[in-house]
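The values are calculated or read from the model by the stated rules, or taken from the named source; none is laboratory data. Model, not experiment: these values are computed from the prediction. Cβ placement follows ideal geometry from the backbone for every residue including glycine, while neighbour counts extend to all protein chains displayed. Surface areas here come from the heavy atoms of the whole protein model, side chains and all, with no ligands, DNA or RNA. Shrake-Rupley method; radii C 1.70, N 1.55, O 1.52, S 1.80 Å.
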Amino acid sequence: MANVLILDDDQSMCKMLSRKIKNMGHEANCAQTLEEGLRTLALSPYDVVYLDVHLPDGNGIEALPAIKRTSPASEVVIMTGLGDHQGAESAIKNGAWDYIEKPSTLNLIVLPLVRIMQYKEATVTQEAPRFHLKRDGIIGQSRGIRDNLDQVGQVAQSDTNVLITGETGTGKELFAWAIHQNSARAHKNFVIVDCTILTETLVEGMLFGHEKGAFTSADRMREGLIEQADGGTLFLDEVGELPYSVQKSFLRVLQEHRFRPLGSKHELSSDFRLVAATNRNLDQMAAEGLFREDLLFRIRSFMIHLSPLRDRLDDIEELVVYKIGINHERHGTKTMSLSPDFIQALKAYDWPGNVRELFSTVEQAIIMAGSRCVLFPRDLPSHIRIKLSQSHLTKKEQPAERESDAGGECCGQTKLQDIRETAVCHAEKQYLQELKVKSGNNIDKACDMSGLSQSRLYSLLKKYSIKFS
């Protein structure tokens, strides 16, 4: 039996959906605002949350991260009267189970609930035994970090190719190392290939190796990085920089795990596991002809996306303490404590350089502190302190547009389409108000009289803030 929360300000929809869910043998509660919904989720666990997009106190999709933080085990189904592709993309990226339009029948709207319960049951009965995950250097307990570590645990024991994406400084190499360390290949080499320094003239020799005399400066045989990774992990850092001319030959290596060193008459084999990382949009590069699509499909058998530091500010204090400890251990610097406003200042900044920038900033702050053993905002660079000061300021309201300014010359500036849409909206609202009266506040009767499906009628009612009692 599932415990379901319906977060929708349309009371008629809440009543019908909760009745349907209870008839299926589950429990259902309703909330009409985001504030009420978050409060309800904080009090007791829910398996499934049906979340409307447009609520009186905010947007459901924008509230998804807060909902997942409050109730991590809840699967969220986004409901909307009129769906759009951007909304679907944003919903899934923020952790929603599905993004659906309110259909004409309740059977379709409860289908995700059925699928979620099947998924949860299969997960419980088939879950593999957990093992202690090695996470050297991966610091933080935020939801994003925990999700990424779960992904590492899922994929590490396999030989599947992994693509790690994320902004510069988010720790892609650390996660690649964690995959290697938690795999059956941990006792073998972890070979790093920095694709940003590979030139077209050197890349094949570095990857595949070469025989003595293969080219002018080849005075001895050289083992390639692919051969060095035999039995272990080959990590292609910033794979988006891999020269296009080499991508085809590397694709064959991935498929066959065989390669020919430059100048050699014989092929060699290498049993490596590939982990790649990039801060670039490889889909866009493939669309522009800058990255081979077939290679992209091959390297991203499993994807891990690392969140930027600005989306996991709760990890900042732990990261700072870790960095101070590392500096003390490696360089003998003194142990420092942190003033509350020092952490507040760090959290007010958006960290475009992510963890790498944070660690550099902490080192600078330690130097600025001198003989003191406590770090204060004064020890931080000015651009970070400015952000802290700005965060304390209240935004001044912009003066409202004067009616005379808005309408003075509208006749020559307003498009015909805008006038037409305004007229249609006025007519629709008037029609719905009359429909409500003539149908006696009965949704089913209103659908029959108007010829509209329930989902379309609900969408229009919400649009014009008209409620059926």
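Structure summary
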item	result
Counted residues, region 33-65 - those being surrounded by 14 or more Cβ atoms within 10 Å (Cβ to Cβ), among the aliphatic types (A, V, I, L, M) and not in a strand (DSSP E or B)	7
Some residue of region 11-31 being within 22 Å of Ile92 (Cα to Cα) and surrounded by fewer than 21 Cβ atoms within 10 Å (Cβ to Cβ)	no
Per-region count, region 325-350, residues within 13 Å of Ile366 (Cα to Cα), surrounded by 14 or more Cβ atoms within 10 Å (Cβ to Cβ) and touching a helix residue (DSSP H, G or I) at 6+ places or on another chain (Cβ under 7 Å)	5
Where Ile92 falls short, out of the listed (1) within 28 Å of Leu457 (Cα to Cα); (2) open to solvent by less than 60 Å² (accessible area, probe 1.4 Å); (3) of a type in the set (Val, Ile, Thr)	(2)
Helices (runs of 4 or more DSSP H) enclosed by region 87-188 - at least 3 residues per element that are within 14 Å of the chain's Cα centre (by Cα)	143-156
Single match in Gly263, Gly224 (criterion: of a type in the set (Gly, Ala, Ser) and farther than 23 Å from Ala176 by Cβ)	Gly263
Considering residues of region 332-362 that are among the β-branched types (Val, Ile, Thr) and in contact (Cβ under 8 Å) with a residue 40 or more places away in the chain only, the residue farthest from Leu309 (Cα to Cα)	Val362
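For (1) open to solvent by 90 Å² or more (accessible area, probe 1.4 Å); (2) within 29 Å of Gly153 (Cα to Cα), each residue gets a yes or a no:
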position: Glu227; (1), (2): no, yes
position: Thr233; (1), (2): no, yes
position: Leu242; (1), (2): no, yes
position: Ser245; (1), (2): no, no
position: Arg252; (1), (2): yes, yes
position: Ala277; (1), (2): no, yes
position: Asp294; (1), (2): no, yes
position: Ser301; (1), (2): no, yes
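Yes or no, residue by residue, for (1) within 21 Å of Thr278 (Cα to Cα); (2) open to solvent by less than 20 Å² (accessible area, probe 1.4 Å); (3) in contact with a Leu (Cβ under 7 Å, 6 or more places away or on another chain); (4) not aromatic (Phe, Trp, Tyr):
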| site | (1), (2), (3), (4) |
| --- | --- |
| Gln157 | no, no, no, yes |
| Lys172 | yes, yes, yes, yes |
| His187 | no, no, no, yes |
| Val193 | yes, yes, yes, yes |
| Gly205 | no, yes, yes, yes |
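One line per residue, one yes/no per condition, for (1) over 19 Å from Arg252 (Cα atoms); (2) more than 21 Å from the chain's Cα centre (by Cα); (3) modelled with pLDDT of 95 or more:
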{"residue": "Asn279", "(1), (2), (3)": "yes, no, yes"}
{"residue": "Met285", "(1), (2), (3)": "yes, no, yes"}
{"residue": "Phe291", "(1), (2), (3)": "no, yes, yes"}
{"residue": "Ile299", "(1), (2), (3)": "no, no, yes"}
{"residue": "Ser307", "(1), (2), (3)": "yes, no, no"}
{"residue": "Arg312", "(1), (2), (3)": "yes, no, no"}
{"residue": "Ile316", "(1), (2), (3)": "yes, no, yes"}
{"residue": "Leu319", "(1), (2), (3)": "yes, no, yes"}
